[in-house]
Every structure is written in structure tokens, then in C-alpha cells.
Amino acid sequence: MKHDVIVIGGSFAGMAAALQLLRARRPVLIVDAGERRNRFASHSHGFLGQDGIDPAVIWARAREQLLIYPALNWIDGKAISAGGQKDSFHVALEDGSRSEGRRLLFATGLRDILPEIPGLAERWGRAVFHCPYCHGYELNRGRVGVLATGSMALHQAQFLPEWGETTLFTNCAVQPDAAVRADLAARGVSIEDIPVVTLEGEADVRLADGRLLSFTGLFTTSRAVPASPIPEMLGCALEENPLGQQIRTDDSKETTVPGVFACGDVARVPHSVSLAVGDGAWAGAQVHRSLVF
């Protein structure tokens with residue numbers, strides 16, 4: 001069967017895009033590897049109507065609703081390559097099968113390259129976060145630490161006093177000048193220049209001088225890159241953003257390859273479930289328009 005659209009990535013953006021297409025009665029295939037970016041978090045916040053719900057539950061409900069539409073075909077599997085051209089694309093899956101479609105939509109999400117601080121990966125999404133709007137409220141204005149990985153840490157340190165007493169760990173990644181230090185001091189931000197050795201306990205920071213500082217939560221900036229190499233293999237241009245890399249798209253969410261679209265975290269900044277859903281809905285409508293006109 002040749003689908004009108006193959007959506008690679010069945011998380012929030014991909015499903016939101018598919019919903020628009022299914023409601024236009026277009027045959028859609030979703031290929032999902034089951035690797036949601038927020039799978040490490042137990043609660044999702046800031047998404048209207050779903051605040052505080054386990055993101056796995058939100059995902060499962062959405063999938064259940066999509067499967068009601070008879071034009072949907074869903075494959076739990078991993079896409080490994082894609083090729084072809086507008087109106088005649090093909091996607092190869094890890095199990096050896098192959099699917100064909102007139103349009104491709106990448107909603108693969110991102111892979112977070114985390115700072116190489118011992119103990120951080122185990123606490124990612126639980127005590128170490130990237131978005132204060134997603135996780136800051138639940139810290140109840142407790143002590144907040146910022147683990148610097150680059151210049152974005154300075155922006156985080158300026159911003160996070162909205163959510164609690166803030167300490168910036170420069171960790172040999174940034175060197176704030178006198179003006180920046182004065183600005184942070186005016187905001188009540190403490191600065192620790194001693195390197196971080198490891199994370200312990202719930203959200204405790206061990207420094208190279210032996211001190212152990214306790215926090216309610218920690219924030220850092222990962223380098224976020226496309227989770228799948230397929231868009232780049234297909235010829236889609238990538239571009240740098242303040243948080244890493246994304247697929248370049250135009251206002252209609254079409255990539256630099258005609259007939260190939262991208263949406264969600266992999267094609268925009270900043271990142272959140274709400275923004276991914278909105279971006280996916282827009283992308284789905286634009287893909288449908290490309291099939292009509």
C-alpha cells in the first residue's frame with residue numbers, strides 16, 4: 001500500500017500532524033521507535049488540559065484516539081533509511097520491510113548529549129532539568145543550581161531566580177566577566193567557580209574542594225541533535241540553534257528536500273510538549289495542502 005504520508009516518529013508532534021491528515025481522510029503511516037525524548041520524566045507540565053500527567057499516559061491516550069481513524073497504519077519499529085523523491089518516497093525499517101509514501105514527515109525528536117558529570121545521566125528528568133517552565137514550579141522555590149555547559153548557562157542563571165535561590169556552577173565552561181557577575185549578584189545569584197566532581201543524593205553537588213552542596217533541583221543545557229540520521233542522509237539541511245542542531249524548514253515546515261517535512265523539537269526551538277503539538281498540527285495541515293494544491 002502506498003500512503004499519502006509517512007510520519008517517522010510517533011510522539012507528540014508526529015501524532016498531532018497525523019491527526020490533521022487523518023481528519024482529511026488521507027492514508028497515513030506512522031513509524032515509531034518508542035523513544036520519546038521525555039521518557040525519563042514522570043510528569044509533564046505546562047501542557048493545557050494535561051498538566052501534571054505522566055507523559056507516557058498522555059502519549060497512550062493520544063495513540064488510542066488516533067487508532068480510531070481507519071486511514072491510519074501504525075508500525076512499532078525503527079526506520080533506518082529513506083529515499084526517493086516527491087510523490088514517490090520509500091522508507092526501510094529495521095525488520096527488513098519497506099513502505100512507500102507520497103510525502104515524508106520527520107517528527108523524530110532530539111537526542112540529548114548530556115554534560116559528562118558523573119551522576120547526572122541517572123538524574124536527568126528527575127532532579128536535573130532543562131526547562132524551568134516544565135519543572136520549576138514543583139521545586140517550591142527551593143535552592144536551584146545551574147550546571148554550566150556554555151554561554152546558555154548565564155541566561156539560565158539570570159532567569160532561574162524566578163523559581164528559587166540560584167547558584168551558578170561555572171565548571172570551567174564559562175567565565176563571566178565583571179559586568180555579568182555584577183548582574184547576577186544583583187539578581188541574588190551565587191557563583192561557584194570550583195569545578196563540579198559528581199552529583200550525589202537527590203540533587204547534591206560535590207565540588208573539587210570536597211564541599212557537598214544540596215539543592216532542590218538542578219538545571220543544565222544539553223546539546224540536542226536530531227535523534228535520527230535519516231533526514232541528513234536524505235539531503236535535508238541542518239542548522240545550528242542555541243541548543244544544538246535542528247532540521248531547517250520553511251514557514252510551511254517543508255525541508256530543503258521537496259516533499260519532505262519536519263516538525264516538533266527536531267525542527268524548532270524552544271522545546272516543550274505544548275509547542276511540539278502546535279508545531280505538529282501546523283505541519284500536518286501544510287503537508288495536506290501540499291497534496292491538494
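Assorted remarks:
- For region 57-90, filtered to residues that are of a type in the set (Val, Ile, Thr) and outside any strand (DSSP E or B), the residue that is farthest from Gly284 (Cα to Cα) is Val57.
- Just one residue in the set Val196, Val146, Val189 is under 27 Å from Glu240 (Cβ atoms) and in contact with a helix residue (DSSP H, G or I) (Cβ under 6 Å, 6 or more places away or on another chain); that residue is Val146.
- Taking the criterion of being closer than 15 Å to Ile6 by Cα, assigned to a loop (DSSP other than H, G, I, E, B) and among the aliphatic types (A, V, I, L, M), the only residue of region 91-127 that qualifies is Ala107.
- In region 153-199, residue farthest from Leu218 (Cα to Cα) [restricted to those that are touching a residue at least 60 places away in the same chain (Cβ under 8 Å) and in contact with a Leu (Cβ under 7 Å, 6 or more places away or on another chain)]: Val197
- Region 236-293 - residue that is among the β-branched types (Val, Ile, Thr) and part of a helix (DSSP H, G or I) and, of those, farthest from Gly83 (Cα to Cα): Val273
- Within region 250-288, being surrounded by fewer than 20 Cβ atoms within 10 Å (Cβ to Cβ), under 17 Å from Gln20 (Cβ atoms) and in contact with a Cys (Cβ under 8 Å, 6 or more places away or on another chain) holds for one residue alone: Trp282.
- In region 222-235, of all residues being at pLDDT 95 or above and part of a loop (DSSP other than H, G, I, E, B), the one that is nearest to the chain's Cα centre (by Cα) corresponds to Ala227.
The values are calculated or read from the model by the stated rules, or taken from the named source; none is laboratory data. A quick note: this is a predicted structure, and the numbers were derived from the prediction, not measured. Note that we place each Cβ from the backbone using ideal geometry, even for glycine, and neighbour counts take in every protein chain shown.
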